Amino acid sequence: MFKLNKSLHKWLSLLVGLQLIIWLATGLYFNLMDHKKGSGNANLRPVAHTAGNLNAPLLPLKSLEFAPAKQVKLLWVLGHPYYQITHQSGIHSYQAKQVTLLDAYTGQKATINETLARTIALKSFKGSVNIISANLLQPPIAELPKHENPLWQVKLSDTENTNVYIDSNSGRVIAHINDDRRLRDLMFTLHFMDYFGTGGFNHWLIILFAIATLLLSMTGVTWLIERFKAGQLSFAFKSNKQRIKVIELAQQQTHELELKTGISLFDGLAAAGIALPSNCGGGGTCGLCKVRCNENTQMTDADKANLSNSKLEQGYRLACQHNTAEVTEIEVRSRTFNKPKNKP
Amino acid sequence: MIRTIRKYHKWLMAFIGVQFLIWSITGLYMVTMDIHYIHGESLQRQNQHPIAVNQVNYSLSDLHSEYPGAHQVTLTQLMAEPVYHFIDKDHTQRLIDAKTGQLLPLIDKLQALKIAKHQYTSGDAIASVQLIDNQSQLPSELASRHLPVWQVVFDNVWAPTFYISQNSGDIVTKRHFFWRLFDWMWRFHIMDYDDGENVANWFLLLIALLGTLAALFGATLTYQRVFKPNSQGAN
């Protein structure tokens, strides 16, 4: 049972490990970032659209022909009034909309054209810049994947490579996307695993990884609880000593050692210069660090999983799965044998 | 070497492993719950009838001469009646009957109840209604810019709640159990246990730094066990 837990922990970590480190690193970025810069709004300033006075009477809506509307707004664009007639819209402004613009003085159909978009873009930017290009983009828009409406993209010549995005239905500035904002957006893409450009975090890939990560955490916590129960997560403030007689078979030598309690026999022996073979480093999974103890020494799950019945009956146990306090006399066949440091 | 890494992985996780569990649980909740559902979009009816433009006798020119300096002027509907909503030059919101040009009073309790019932997608009864018009009554889930509002709570285990602006009659925001729970998940995810709004807190920084270290140790162990199972690197 516990072997399955360790095995799961290993394979789950292989599956989600890289993404887990990405989550931590991007999380640290969000913790430390400059949010004002990251928003891309460092050079954004409000554009004055409303004019104080009317140059002519506004045409009565009753006199105009338009498709059924759920809202009509008196929209000012650079001092000129329009009727912004919304036929269809979602709850959020980024959702697809059906909008008609009519000139409120003449009743003529109007659009936010390139000249308006260019002027608005320049007015929205603090400082003087030139325009590199202006294009009306249809969704999906690479730098604003959520938006479902056509947007004007006006590229500016500033050092941060700002692109100004302007709503083609209203002339409102949607965003300034510059290098700071691109970095932040990249971090969000990584944190939300949005590698397929959904613009959100409710997608199957991240759900799958979130489930795997929860299992990874749960198997980790289970492992910690198991270690705690085995006495290997205790604060050894009062460090007792356990006297152990160690018979080293390879060297045909016997040593009387005094090892600290509250640690594993594997770690205790290593501290005394006796390095047992191991490639899991004390995880109880490779089965290499076996030592022969008194046959009555309690068997752990890891012992049973890694050692044959006959070995178990002879008293073989895994040194990493037993505390120093459990034994008084052991036989070991060590990999390297330095001079024991604490001879009695 | 690998023995030391295993020890550090174990001890670091003994202190901060619980936060990994919290990140996993809260993250899983936030990615599995559809954000539009969380925002209560399914609570509010969207399909409105078109505005009866032929009944709009009071024109925008009339409005402009009667209320010079009015801005953000919108023709919309209040309970299927055409109305103008705008911000007057003294920054107060106004509502005007678009048929007659008559200034409409603030939304009263009866109207708030009507609006709530009209726009709510389920048939639950209303459990409570109260006016929130000053900062001291402000629930943490409501932004103060929305004041004054009618808070209408429906009789349902998930406590769906509409906040209806007293000025415009619009549902300015809504809440239900799953949104409130989402906010708590967010708080635990960013480890901001006071107001739940600040990602830039030192506690998160500390735990995330230690967590990154612990995860890197863990990655080394996985690499060792999966890709180098025959090397004998005990020390």
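The values are calculated or read from the model by the stated rules, or taken from the named source; none is laboratory data. Nothing here was measured: the structure is a model prediction, and the numbers come from that model. Note that we place each Cβ from the backbone using ideal geometry, even for glycine, and neighbour counts take in every protein chain shown. For the accessible areas, the whole protein counts, side chains as well, though only heavy atoms, and no ligand, DNA or RNA atoms are used. Shrake-Rupley method; radii C 1.70, N 1.55, O 1.52, S 1.80 Å.
For (1) of a type in the set (A, V, I, L, M, F, W, C); (2) in contact with a helix residue (DSSP H, G or I) (Cβ under 6 Å, 6 or more places away or on another chain), each residue gets a yes or a no:
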{"residue": "A:PHE209", "(1), (2)": "yes, yes"}
{"residue": "A:THR213", "(1), (2)": "no, yes"}
{"residue": "A:LYS229", "(1), (2)": "no, no"}
{"residue": "A:GLN232", "(1), (2)": "no, no"}
{"residue": "A:ASN240", "(1), (2)": "no, no"}
{"residue": "A:ARG243", "(1), (2)": "no, no"}
{"residue": "A:GLU248", "(1), (2)": "no, no"}
{"residue": "A:GLN253", "(1), (2)": "no, no"}
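Residues of segment A:279-295 include none that is outside the structural domain of A:GLN321 (by TED's automatic domain parsing), open to solvent by less than 30 Å² (accessible area, probe 1.4 Å) and touching a Gly at 6+ places or on another chain (Cβ under 7 Å). In segment A:111-143, of all residues being in contact (Cβ under 8 Å) with a residue 40 or more places away in the chain and not in a loop (DSSP other than H, G, I, E, B), the one that is farthest from A:HIS176 (Cα to Cα) corresponds to A:LEU116. When each of A:LEU59, A:LEU54, A:LEU64, A:LEU44 is tested for being in contact with a Leu (Cβ under 7 Å, 6 or more places away or on another chain) and under 30 Å from A:THR100 (Cα atoms), the lone residue that passes is A:LEU64.
Of all residues in segment B:161-203, those satisfying the criterion of being open to solvent by less than 30 Å² (accessible area, probe 1.4 Å), of a type in the set (A, V, I, L, M, F, W, C) and under 23 Å from B:GLU81 (Cβ atoms) are B:PHE162, B:ILE164, B:ILE171. Which residue is nearest to B:ALA52 (Cα to Cα), if the candidates are limited to segment A:59-69 and must be facing chain B (nearest Cβ under 7 Å) and crowded, with 19+ Cβ neighbours inside 10 Å? Result: A:ALA69. Given the structure, is A:GLN232 in contact with a Ser or Thr (Cβ under 7 Å, 6 or more places away or on another chain), under 30 Å from A:LEU24 (Cα atoms) and either among the hydroxyl-bearing types (Ser, Thr, Tyr) or in contact (Cβ under 8 Å) with a residue 60 or more places away in the chain (or both)? It is true that A:GLN232 is in contact with a Ser or Thr (Cβ under 7 Å, 6 or more places away or on another chain), under 30 Å from A:LEU24 (Cα atoms) and either among the hydroxyl-bearing types (Ser, Thr, Tyr) or in contact (Cβ under 8 Å) with a residue 60 or more places away in the chain (or both).
The residues in segment A:149-158 that are surrounded by 19 or more Cβ atoms within 10 Å (Cβ to Cβ) and not in a strand (DSSP E or B) can be counted, and the count is 1. Taken together, the residues in segment A:194-219 that are aromatic (Phe, Trp, Tyr) and in contact (Cβ under 8 Å) with a residue 40 or more places away in the chain amount to 1. Scanning segment A:159-183 for residues that are under 29 Å from A:HIS80 (Cα atoms), out of contact with any helix residue (DSSP H, G or I) (no Cβ under 6 Å at 6 or more places or on another chain) and part of a loop (DSSP other than H, G, I, E, B) yields A:THR162, A:SER168, A:ASN169, A:SER170, A:ARG172. Against the conditions (1) assigned to a loop (DSSP other than H, G, I, E, B); (2) within 22 Å of A:LYS241 (Cα to Cα), A:GLY281 satisfies every one except (2). Of all residues assigned to segment B:26-37, none qualifies as being within 7 Å of chain A (Cβ to nearest Cβ), among the charged types (D, E, K, R) and over 30 Å from the mean Cα position of the chain (by Cα).
Out of everything in segment A:206-227 that is closer than 19 Å to A:ASP301 by Cβ and more than 8 Å from chain B (Cβ to nearest Cβ), what residue ends up being modelled with the lowest pLDDT? Residue satisfying both the conditions and the ranking: A:GLU226. Residues that are surrounded by 16 or more Cβ atoms within 10 Å (Cβ to Cβ) and either modelled with pLDDT of 95 or more or out of contact with any Asp or Glu (no Cβ under 7 Å at 6 or more places or on another chain) (or both) within segment A:83-102 comprise A:TYR83, A:GLN84, A:ILE85, A:THR86, A:SER89, A:LYS97, A:VAL99, A:THR100, A:LEU101, A:LEU102, listed in sequence order. Selection of segment B:23-49 for residues being surrounded by fewer than 16 Cβ atoms within 10 Å (Cβ to Cβ) and hydrophobic (A, V, I, L, M, F, W, C) yields only B:ILE35. Applying a threshold of 7 Å to beta carbon distances and a minimum spacing of six or more residues, or different chains, the list of pairs starting in segment A:66-88 at a residue that is on the phi > 0 side of the Ramachandran plot and ending at one that is open to solvent by 20 Å² or more (accessible area, probe 1.4 Å) and of a type in the set (Val, Ile, Thr) reads A:LEU78/A:THR119. Filtered by the rule that a residue be open to solvent by less than 10 Å² (accessible area, probe 1.4 Å), of a type in the set (Ser, Thr, Tyr) and more than 8 Å from chain B (Cβ to nearest Cβ), segment A:255-278 gives a lone residue, A:SER264. Checked against the criterion of being within 14 Å of chain B (Cβ to nearest Cβ) and out of contact with any Cys (no Cβ under 8 Å at 6 or more places or on another chain), the candidates A:LEU102, A:LEU136 yield just one match: A:LEU102. For B:THR4, are the conditions met, namely being surrounded by fewer than 16 Cβ atoms within 10 Å (Cβ to Cβ), over 30 Å from B:SER168 (Cβ atoms) and out of contact with any strand residue (DSSP E or B) (no Cβ under 8 Å at 6 or more places or on another chain)? Yes; evaluated as a whole, the condition is true for this residue.
Keeping to segment A:1-57, report how many residues are part of a helix (DSSP H, G or I), at pLDDT 90 or above and among the small types (Gly, Ala, Ser). So the answer is 5.
Residues of segment B:44-64 that are within 18 Å of A:LYS62 (Cα to Cα) and either among the basic types (Lys, Arg) or not in a loop (DSSP other than H, G, I, E, B) (or both): B:VAL53, B:ASN54, B:GLN55, B:LEU60, B:SER61, B:ASP62, B:LEU63, B:HIS64. Total residues in segment A:249-262 satisfying the condition of being modelled with pLDDT under 85 and either among the hydrophobic types (A, V, I, L, M, F, W, C) or on the phi < 0 side of the Ramachandran plot (or both): the figure is 6.
Do we find that B:HIS9 is under 21 Å from A:HIS191 (Cβ atoms) and either open to solvent by 60 Å² or more (accessible area, probe 1.4 Å) or more than 7 Å from every other protein chain (Cβ to nearest Cβ) (or both) in this structure? When the stated conditions are applied, B:HIS9 does not pass them. Would you check which residues across segment A:298-323 are among the polar types (S, T, N, Q), touching a residue at least 24 places away in the same chain (Cβ under 8 Å) and surrounded by fewer than 19 Cβ atoms within 10 Å (Cβ to Cβ) and list them? Selection gives A:GLN298, A:THR300.
Candidates B:ALA70, B:ALA52: the one that is open to solvent by 20 Å² or more (accessible area, probe 1.4 Å) and in contact with a strand residue (DSSP E or B) (Cβ under 7 Å, 6 or more places away or on another chain) is B:ALA52.
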